[in-house]
1. Compute the signed sum of charges (Lys and Arg +1, Asp and Glu -1) over the other residues within less than 11 Å, Cβ to Cβ, of LYS119.
2. Quick one: putting +1 on the C-beta of Lys and Arg, -1 on the C-beta of Asp and Glu, what dipole do you get for the chain around its Cα centre, in Debye to the nearest 20?
3. Could you compute the net charge surrounding GLU37? Neighbours are other residues with a C-beta less than 11 Å from the C-beta of GLU37; K and R count +1, D and E count -1.
4. Cβ under 15 Å from ALA90's Cβ, ALA90 left aside: what net charge do those residues give with Lys, Arg +1 and Asp, Glu -1?
5. If the cut-off is a Cα-Cα distance under 16 Å, which lysines reach LYS8, setting aside same-chain residues fewer than 8 apart in sequence?
6. Taking the Cα atoms of the chain alone, what are Rg (to one decimal) and Dmax (as a whole number) in Å?
7. Would you kindly state how much longer the chain becomes between ILE117 and GLN129 on full extension, computed as 0.36 nm times their sequence separation minus their alpha carbon distance, in nm to one decimal?
8. What percent does the relative contact order of the range 3-103 come to when contacts are Cα pairs within less than 8 Å and at least six residues apart?
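Please treat every number below as a calculation from the coordinates, not as lab data. Predicted model only: the values in this text are computed from it and were never measured. No Cβ is skipped: glycine too gets one built from the backbone with ideal geometry, and neighbour counts run over all protein chains shown.
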Amino acid sequence: MDSTMLTKLPGLARWTLEQWLAGEDWEIGGPGLTADEDLPIDGLFVTLRINRRLRGCIGTVERQPSLDRTLRDLTLSAAINDPRFPPLTADELPGVHISLSILTPPELIEDLSAVEIGKHGLIIERGSQRGLFLPEVATEWGWDLEEYLAELCQKAGLPRETWRQPGCTFYTFESIKAAESED
């Protein structure tokens, strides 16, 4: 993915929020991607922060046919559907910082010692429970590998030590970041 296109993505996300908050059509138009840029992606997360504090984060690890469509949908979803927060308001928008993580396909990992903090995002699955952290989360919180795994279990609704037990499946992935500048 070239750097010129990456710089367009946060602008499209912001335009989407501006249009939606104004009651305008956000699904088409604006600074959308050209047909050559609108490629399938293996996953995407949209993160909204205000004063460096999380305000919404929604994403997918499933392959999507359109980066443009997925970015618009997930941007709005991060603003209004993250169950941890009320819907974003127009008054909050000027203080919102938007960052995007375009994911590589998840890969099954058997040897957890191969996980590199800051490089690998992690997914845990056990039965019907699942949890995911983007690669930067462990770095932001200063976690070592054991803490990363314990927090991941907790996010999945599992006891913190579950990662040590049989029956867990782990996947790693990496991400390409695109974000608004933090003036």
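1. Details: positive: none; negative: GLU116, GLU136, GLU174.
Local net charge: -3.
2. Numbers: 17 positive and 31 negative charges, 105 e Å.
That gives the chain a dipole magnitude of about 500 debye.
3. Working: positive: LYS8; negative: ASP2, ASP36, ASP38, ASP68.
Once all neighbours under 11 Å are counted, the net charge is -3.
4. Numbers: positive: ARG14, ARG55; negative: GLU18, GLU24, ASP91, GLU92.
Residues close to ALA90 contribute a combined charge of -2.
5. LYS177
6. Using the Cα atoms of the chain, the pair Rg, Dmax is 17.0, 50 Å.
7. 2.0 nm is the gain from fully extending ILE117 to GLN129.
8. Values: 160 pairs, mean separation 34.4, N = 101.
Here the relative contact order equals 34 percent.
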